[in-house]
Structure formats: C-alpha cells, structure tokens
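Have a look at the structure below before the remarks.
The values are calculated or read from the model by the stated rules, or taken from the named source; none is laboratory data. Given the structure is predicted, the values throughout are model-derived calculations rather than measurements. All Cβ positions, even for glycine, are placed from backbone atoms using ideal geometry, and neighbour counts span all protein chains on display.
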Amino acid sequence: MVTIDQLRTCELFSELTDEELQQILPFAREESYKQGTLMFSEGDEATTFYILLEGKVSLQYEICPQPDYCQDATILLDKPGDFMGWSSLVKPRRMTASGLCLTDVRLIAIDGKKLNELLERDSHMGFVVMKELAGQINKRLKEAKGLTFKRLMGSL
C-alpha cells in the first residue's frame, strides 16, 4: 500500500500538504519489475507516472545536436523518490526516453490521466507540481546534453 510519506520522497510532490497528497493515493499502486525489464520505450504512449522506491533504472535518450548526427545519452535513476514517466502529465503524452531496469525495481505507479485531472481541478496542486516538473526536466536536459558533449569530446 502506498503511503503519503512515500509520495513525498518525490520532488514533484514534496511541497504538497498531507491533504493534497491524500488525493493522489487512490490512483497510486506499488509495482515491481525484474532486472533487464524494458519498462517503456521512447515514443510509447505515456500513461503512468513512476516514483522509484528501490533499485536502479537507466533512462536512455537520443540527443541530436545536428540534423544528421544523433547520440545516445543515459541518465541513472537510483535514489528513492527519483521519478520517470513525467510525459504522462504533458502533451503529447509520449515517452521521451526508454526505461531499462538495471536491477530488480520497486516503484509507485500513478495513473497519469487521473493525476492530470486532479492537477487541472486543483490549481494550487497543478502549479506546485508543474513548477517542480519544469525544473527537473531542465536539470535532466542539461545532464543529458553534458553527457553527449563529453562523449563528443572523447572523454567518455
């Protein structure tokens, strides 16, 4: 059973009140995946928002700094509270990366459609979550670009 304290480990939800987090619990469930499982692929329909509880997941992106030149970039999620599947909260609701379980993984899976509906109904919750999401996407994009730049310069 998912708890408020588990939801609060995710930076997107860390500023929400207990009462606000309580509203998310009905559409949150625990899921487990075995090492080697491909949870989702880049371009898949995004239906679920995930919060990592245990394990390691590799997010694999394709970065194209030039029209005819693309490189893969990988970001490791390995801390409780790390999240993935944010694409379920924004249009066009397509995954922007592939998620591969590097170990056995335990996580919270939240129905993206229901979470979206809640965030649209409650403007305070929506603003708090989307503000955090924008910051986290920016951080990941910088990290992915940094990894690609290092690879281009031959330091990886």
(request) Determine whether the range 61-82 contains at least one residue that is in contact with a Lys or Arg (Cβ under 8 Å, 6 or more places away or on another chain), closer than 16 Å to residue 115 by Cβ, not basic (Lys, Arg) and not in a loop (DSSP other than H, G, I, E, B). (result) no
Going through the range 49-85 in order, the residues found to be touching a Gly at 6+ places or on another chain (Cβ under 9 Å) and of a type outside the set (S, T, N, Q) are 49, 50, 51, 52, 53, 57, 59, 73, 77, 78, 84, 85
Across (1) surrounded by fewer than 20 Cβ atoms within 10 Å (Cβ to Cβ); (2) at pLDDT 95 or above, residue 46 clears everything bar (1)
Selection from the range 1-51 of residues of a type outside the set (Asp, Glu) and in a strand (DSSP E or B) yields 28, 29, 32, 33, 38, 39, 40, 48, 49, 50, 51
Note on the range 105-156: residues touching a strand residue (DSSP E or B) at 6+ places or on another chain (Cβ under 9 Å), small (Gly, Ala, Ser) and either outside any strand (DSSP E or B) or at pLDDT below 85 (or both) are 112, 144, 146
Residue count, the range 84-113, condition touching a Ser or Thr at 6+ places or on another chain (Cβ under 6 Å) and among the aliphatic types (A, V, I, L, M), comes to 4
